[in-house]
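These notes concern the structure reproduced below.
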Amino acid sequence: MPGNTNLSIRVDSELKGQAEQILSQFGMTMTGAVNMFLQQIVRERAVPLSLSLDSSRAVYADLLAAQTERTQGYVGREADEILADMRTLIERAEQDG
């Protein structure tokens, strides 16, 4: 079984304090939160963060685009059709390995 190791990082003291207050409300420590973050990175093979300069603008732009498409006659797709397409894509991805 692997042993523990120390991780030393620099963070703003005010930011650290604010994060610790929030984590304590969940009954968590900073160490526990960092370990969860690292475990999620390994499990998902991705950084579990949503990076955006302004996500509200992106959502608003998507809503405007959808509204424009509807006024031009687009009525959408049936859920069953979308699910079938998703299954096909998953199968292809699994085959490609």
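Roll a 1.4 angstrom probe over the protein heavy atoms and tell me the percent of accessible area of the chain that is carbon or sulfur.
55
Starting from the Cα-Cα distance between Asp96 and Arg57, subtract it from 0.36 nm times their residue separation and give me the gain in nm to one decimal. Mind dumping the intermediate values first?
Values: separation 39, 0.36 × 39 = 14.04 nm, distance 3.58 nm.
Gain in length upon complete extension: 10.5 nm.
To the nearest 10 square angstrom, what accessible area does Glu94 show with a 1.4 Å probe?
140
Any idea what angle helix 79-96 forms with the longest principal axis of the chain, computed on alpha-carbon atoms, 0 to 90 degrees, nearest 10?
That works out to roughly 60 degrees.
Could you compute the FRET efficiency for Arg77 and Leu38, with r as their C-beta to C-beta distance and R0 at 35 Å, rounded to 0.05? Working shown, then result.
Working: r = 39 Å, r/R0 = 1.11.
Efficiency for this residue pair is about 0.35.
Suppose all protein chains stay in the model; what accessible area per residue would a 1.4 Å probe give for the chain, in Å²?
Solvent-accessible surface per residue comes out at 98 Å².
Roughly how tilted is helix 55-71, in degrees to the nearest 10 and between 0 and 90, from the longest Cα axis of the chain?
10
Let me know the whole percent of all Cα-Cα pairs from the chain that are separated by more than 20 Å.
Value for the chain: 70 percent of Cα pairs lie more than 20 Å apart.
Given the -39500 (n - 2.57) contribution per DSSP H run of 4+ residues, what per-residue ellipticity at 222 nm results for the chain, rounded to the nearest 500 deg cm²/dmol?
One gets -21500 deg cm²/dmol as the mean residue ellipticity at 222 nm.
For the pair Arg45 and Lys16, what calculated FRET efficiency results from E = 1/(1 + (r/R0)^6), where r is the Cβ-Cβ distance and R0 = 30 Å, to the nearest 0.05?
0.60
The values are calculated or read from the model by the stated rules, or taken from the named source; none is laboratory data. None of these values were measured; they are calculated from a predicted model. As a convention, Cβ positions derive from the backbone with ideal geometry for all residues, glycine included, and neighbour counts pool all protein chains shown. For the accessible areas, the whole protein counts, side chains as well, though only heavy atoms, and no ligand, DNA or RNA atoms are used. Shrake-Rupley method; radii C 1.70, N 1.55, O 1.52, S 1.80 Å.
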